[in-house]
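Okay, so here's the structure we're looking at.
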């Protein structure tokens, strides 16, 4: 079972290695990890997708909370969060195939962000399920390079995870 | 505000924390700090290996109740500290580990004696700092002491590059700590406390299991009062030994794989098991062998991550044991469990000591007799191996402290930890008990004891084997003894004499009596080699 965990941490060197080290030494499986600074420059937000049962997730939350640099930890309910990830795909296409790609991009809401004599690069920001479907659709055209950000997520509605000022 | 170099400020921080003794080993990258330390009233104990400095600080912390401080230089010095850091982490002992580091602009270039110590020690520290800005040092030192000693205690590492130590700063030691991401729990949730009291009230066969957390939170008095008011029998983990006097009629000894029968029977038969500051390690309770499914488990721990980690809990209670127990005491009503206590008493048997081969003594008998004669407030430090089990189960505690490396099982712990324990309170006796394996991992610290006038009583149980491993190989590897013979060991009496320490060898009961007299009555250090049968075991003996 996949769980989405949001972690607010002090924006300091070494914090990410503390978090990733904790996961590897305690045998927790990370599916994806994304990190970036928040509106408060002293705070970064880490989004981790963990694969595991209830016991594992409980331990992940508790052990993360023990790290001094971790300010807040929350497991976002599966139906109560909005999650997105970004994918960039470079496809080897030339000639008339290019117009097919343009149609595909339109249908999938992907954007063409770069073009060269031999390649086109597409960008899509969507749910993991849609990103996977998109990959499947463009794969036959010949993917030469691909990169994904990993999932970031917020809670639906007015609920939020904030640091008291 | 005073202008001074950061290295001098570090010393001032230690003084402000009331530190009187530190343990360390100098080197180039920590020399600025040492150059200022010598001008202060803080006593520096030069150990003979950095890990032992960490163990000494560990022993010091456990007796003084304050974080112990150890110091090492960059690279190999800092790396040598790691086993001691891990040992303290496993037993939740507060340490402040100060290491020198190469200059900031050289970090990451693999220069001489450079090691990423904050990275290397990361799995074993409660927190760590690499100080890159000298003006942060006073705050970091203040935070480090607070983090090490509060909540679930543990080691905190402060790595200070040499150029940072030499930078001039405006020094003022902060009065308060403000870490927004660290707020350890204190009192327990009132509703949970009432549930715990109710469960204990309703129990027919309640049992309290005390762990090392009781010492960390200084809750020995509170747990004793609770057990006496409610008449609940008590057992301990290895880390909890000495929380209860062996003379207390409610006390039934240590549980676990190497524990005593009454304690293990108690765990098996109780209907409510109340764990206080015990993490229920795998050597204590082999799940699900020992616990009945119907046993209700109550668990107090300051670390929420321990609750439910090793054993599922019916009533979790997060908080500081002392505060939680005080809350409980205001609700606890006198109770009786005479039948249950009588039943447990029926499992207690007087130890039977096996006849020993000519020229050897029974280690359990020797230790038991020793405990009858040593002053009641003696600190006993057991090393790791068979000697640890013999000491844990045979030394009758009557008010002193029992120290050992419980979680990590670090061999060589006893002598350096005993040095620290003695320096924390010079007025009391400290006995280190080791085997001939562990002793040879840290006997160089006898020089430290001699150099700094630290009086120790040292007992080495010699059986010419790494006895615990030998026993394991006998029981589980068809007695194929592999790499466990200690042939080639020196004559330990000659060795003690070389250090100028009065000593004697014990090969029979009469000599045993004589040695115990010397150990318990003589001032100053005394060294005893106790010759044990090569194949004397811990299990089924």
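Values in this text are rule-based calculations from the coordinates and carry no lab data. All of these numbers come straight from a predicted model, not from anything done at the bench. Cβ sites come from the backbone with ideal geometry, for glycine too, and all protein chains shown count toward neighbours.
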Most exposed to least, judged by fewest other Cβ atoms within 10 Å, B:358, A:106, B:471 sort to B:358, A:106, B:471
Mean separation of Cα contacts under 8 Å (at least 6 apart) over the residue count of the range B:363-531, i.e. the relative contact order in percent, is 22
Honestly chain B on the Cα gyration tensor test (a ≥ b ≥ c root eigenvalues; a/c under 1.5 rounded, otherwise a/b vs b/c for prolate or oblate) is just oblate
For the pair residue B:493 and residue B:510, the simple spin-label estimate (label points 7 Å beyond Cα toward Cβ) gives in nm 1.5
The range B:472-540, Kirkwood Rh and Cα Rg, ratio Rg/Rh at 1.09
Rounded to the nearest 5, the percent of antiparallel DSSP beta bridges in the protein assembly as shown equals 45
From the Cα centre of the range B:157-228 to that of the range B:320-373, the distance in Å is 26
Only helices counted: for chain B, with every DSSP H run of 4 or more residues adding -39500 (n - 2.57) and the sum spread over all residues, [θ] at 222 nm is -10500 deg cm²/dmol
Taking every DSSP bridge whose two residues both lie in chain B, the antiparallel percent to the nearest 5 is 5
Two pseudo-spin positions, 7 Å from Cα along C-beta at residue B:16 and at residue B:204, lie apart in nanometres by 6.0
Residue span residue B:135 to residue B:166: 0.36 nm per residue of separation minus Cα-Cα distance leaves a gain in nm of 10.0 nm
So the FRET efficiency between residue B:183 and residue A:146, C-beta based with R0 = 35 Å and rounded to 0.05, is 0.20
Length-normalised contact order of chain A, Cα under 8 Å, at least 6 apart, in percent, tallies to 27
Checked the range A:2-78 with the C-alpha gyration tensor, a ≥ b ≥ c its square-rooted eigenvalues, rounded below a/c of 1.5, otherwise prolate if a/b is larger than b/c and oblate if not; verdict prolate
What the Cα atoms of chain A span along the principal axes, largest first and in whole Å, is 57, 33, 32
Taking every alpha carbon pair in the range B:262-344 and sorting the distances into 10 angstrom bins from 0 up to the bin holding the longest one, the percent per bin comes out as 16, 45, 34, 5
Plugging the Cβ-Cβ distance of residue B:331 and residue B:112 into 1/(1 + (r/R0)^6) at R0 = 45 Å yields, to the nearest 0.05, a FRET efficiency of 0.10
Computed over chain A: longest principal axis from alpha-carbon atoms vs helix A:128-138 long axis, angle to nearest 10 degrees, is 20
Inter-part gap, Cα centre of the range A:74-114 to Cα centre of the range B:239-308, in whole angstrom, is 57
Taking max minus min of the Cα coordinates of the range B:310-375 on each principal axis, largest first, gives extents in Å of 57, 32, 30
With the 8 Å Cα cutoff and a minimum separation of six or more residues, chain B has a relative contact order in percent of 13
The alpha-carbon center of the range B:508-529 and that of the range B:393-455 are separated, in whole Å, by 16
Per the C-alpha gyration tensor (a ≥ b ≥ c, the square roots of its eigenvalues), the range B:190-346 is rounded if a/c is under 1.5, else prolate if a/b beats b/c, else oblate; here it's rounded
So the pair-distance distribution of the range B:279-412, from every Cα-Cα distance in 5 Å bins, comes to percents of 2, 8, 10, 13, 16, 20, 16, 9, 4, 2, 1, 0
Rounded to the angstrom and largest first, Cα extents along the principal axes for the range A:82-152 equal 38, 21, 19
A student asked for the Cα radius of gyration and Dmax of the range B:37-141 in angstrom ought to give 13.8, 41
Computed over the range B:369-449, the convex hull of the Cα set has an average projected area, in nm², of 5.1
Rh_Kirkwood(the protein assembly as shown) over Cα pairs, Å, one decimal, evaluates to 28.2
